[in-house]
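Written below as C-alpha cells is the structure these notes are about.
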Amino acid sequence: MFADDYDHRRLNTLSWIRYAAALSDDPVLLLPVGSHEQHGPHLPMGCDAILADAMAVRLAEKLDGLVLPVLSYGYKSQARSGGGEHIPGTISLDGASLTLQVRDILRGIFYHGVRKIVVLNGHAENQWFLTEAIDLALREALPARPDLHLIRCEYWKYTPQSTLEAVFEGLSPRLNPHYVALLETSMMLALKPDLVDMSAMPSDRSGQFPPHDAYPQTGEGVPPSGVLSPVSGASAKKGRRLIRDTVAAMAAGLGEALNE
C-alpha cells in the first residue's frame, strides 16, 4: 500500500471526540519531523518531511497508533550531509527554535494522558535538537508521570543490512550521507513519482569534503547539483522494498521497546 490512504491514522483528520475516545486504548502517538531542504534538481525540497510522514503513517498502521501533523522545517542543512544553507529554497530553524517547538508539542501530548510517543526523524541534522526537546519535556513531566515512554529514531537506522545490500546490488555500506541519494530517490519514486523529475537526474561527482568543517560554510565540496552521492540505479521497486522492510523492522523493534 503506497497511496496516501492513511487518513484514519492522522490526528488532524479526527474530531476531538474521536481522539478522546481513542485515548482510552493507550495509543502510540508518532510525531514525524523533516526539513525544507534542497534535494537536487530531481526531488522536491520537502522530501525529508514527505518521507518521515510516510514512514510514520505506515508504522502507525502496524502499531495501531496515530500520527501528528509532520513538522516540515528542521535544523540547518550542513554541507556534508545536506548540501548547505547556500542553496536557494533551503529554509531552516535555529536549534533552539526546533527544540522548543517539539518540547511544546510533547507538553500538549502529555497533558491529555498519552504515555507512548515516537519522534520519527527524517532529517539527519535534527537529531540532537529532538533529543534536547525530549529531555526538557521529560524533565518537567516525569515527577508526576513516571509512566511516560518516549522514543526518538531515524527511520533509516532500521533499514536491514540485507535490504541495503539488495538495493546497492551487493555493494552497500551502512548508511551515511554519501549513499542517501539513491535511497531517497527510490523511496520518492515509490511514494510520489509525480514529484520526481527523471529528466533532471544529476550525474555529477560525489561530494568531496575534508575531515573538518569550516565556518561560515560556503558550499565548498558540494557538487553543482547539490546531490552528494550517485543517484543512478534508483527505482520505485527498490523504494517499495526499502519502505516495506524498514517499516517492518521499526514495528518489531519499537513495538517491543514501547511495551517493556
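The values are calculated or read from the model by the stated rules, or taken from the named source; none is laboratory data. A quick note: this is a predicted structure, and the numbers were derived from the prediction, not measured. Glycine also receives a Cβ, built like all others from the backbone with ideal geometry; neighbour counts cover every protein chain displayed.
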* Structure fact -> Checked against (1) assigned to a loop (DSSP other than H, G, I, E, B); (2) under 17 Å from His39 (Cα atoms); (3) among the aliphatic types (A, V, I, L, M), Ala214 satisfies every condition except (2)
* To do: Please work out which residue is surrounded by the fewest Cβ atoms within 10 Å (Cβ to Cβ), limiting yourself to the range 204-242 and to residues that are over 22 Å from the mean Cα position of the chain (by Cα) and among the charged types (D, E, K, R).
  => Asp213
* To do: Could you list all residues from the range 188-203 that are loosely packed, with under 13 Cβ neighbours inside 10 Å and in contact with a Ser or Thr (Cβ under 8 Å, 6 or more places away or on another chain)?
  => Ser203
* Within the range 64-117, track down each residue that is of a type in the set (Lys, Arg) and touching a strand residue (DSSP E or B) at 6+ places or on another chain (Cβ under 8 Å). => Lys76, Arg115, Lys116
* Flag if Leu182 is at pLDDT 90 or above, touching a helix residue (DSSP H, G or I) at 6+ places or on another chain (Cβ under 8 Å) and either assigned to a helix (DSSP H, G or I) or closer than 20 Å to Ala234 by Cβ (or both) -> no
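Could you pull out the residue among Glu132, Glu125 that is within 24 Å of Thr246 (Cβ to Cβ), of a type in the set (Asp, Glu), within 20 Å of the chain's Cα centre (by Cα) and crowded, with 16+ Cβ neighbours inside 10 Å?
After ruling out the rest, the residue left standing is Glu125.
So, Ile87, is that one farther than 22 Å from Leu148 by Cα, modelled with pLDDT of 95 or more and of a type in the set (A, V, I, L, M, F, W, C) or not? Steps first, answer last, please.
Numbers: farther than 22 Å from Leu148 by Cα: yes; modelled with pLDDT of 95 or more: no; of a type in the set (A, V, I, L, M, F, W, C): yes.
Against the criterion (farther than 22 Å from Leu148 by Cα, modelled with pLDDT of 95 or more and of a type in the set (A, V, I, L, M, F, W, C)), Ile87 does not qualify.
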